[in-house]
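The values are calculated or read from the model by the stated rules, or taken from the named source; none is laboratory data. Since this is a predicted model, take the numbers as computed values, not measurements. Side chains are part of the model used for accessible areas, which takes the heavy atoms of the whole protein and leaves out ligands, DNA and RNA. Shrake-Rupley method; radii C 1.70, N 1.55, O 1.52, S 1.80 Å.
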Amino acid sequence: MGRRQRAQSVSIVGHGPDGTPVVDGATVFRWRDTYGMGLDVIADALRARGLAFDVPGFVRAALAGGWKTAMIERTLLEDAPLGAEAAVREAIR
């Protein structure tokens with residue numbers, strides 16, 4: 001028999017300019033930090049469900065979790081969609 005996994009609930013902290021519900025960045029950071037999930041995988045899974053994630057909230061959680069700014073920037077930029085570099089750098093400031 002296979003293991004069943006319970007679905008986790010997520011906090012919606014607002015909506016993007018296009019009305020897309022935005023998931024709490026701290027939750028996304030926890031998935032990345034605890035399970036090692038790539039942000040591209042997380043973003044794709046959220047997008048498939050009509051969700052986005054709060055990049056500034058991710059940055060705040062990462063800093064609180066002891067990540068260095070360079071590691072946060074590298075992690076976000078590796079998985080940022082084309083053209084999102086300026087938004088990522090602004091979130092880190």
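Tabulated data for the structure shown
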read-out: Matching option when the condition is modelled with pLDDT of 90 or more, of a type in the set (A, V, I, L, M) and open to solvent by less than 40 Å² (accessible area, probe 1.4 Å), among Ala62, Ala43; value: Ala62
read-out: Subset of region 65-93 that is modelled with pLDDT of 70 or more and outside any helix (DSSP H, G or I) - its residue that is most open to solvent (accessible area, probe 1.4 Å); value: Arg93
read-out: Single residue of region 8-33 satisfying the filter (over 13 Å from the mean Cα position of the chain (by Cα) and open to solvent by 80 Å² or more (accessible area, probe 1.4 Å)) that is modelled with the lowest pLDDT; value: Gln8
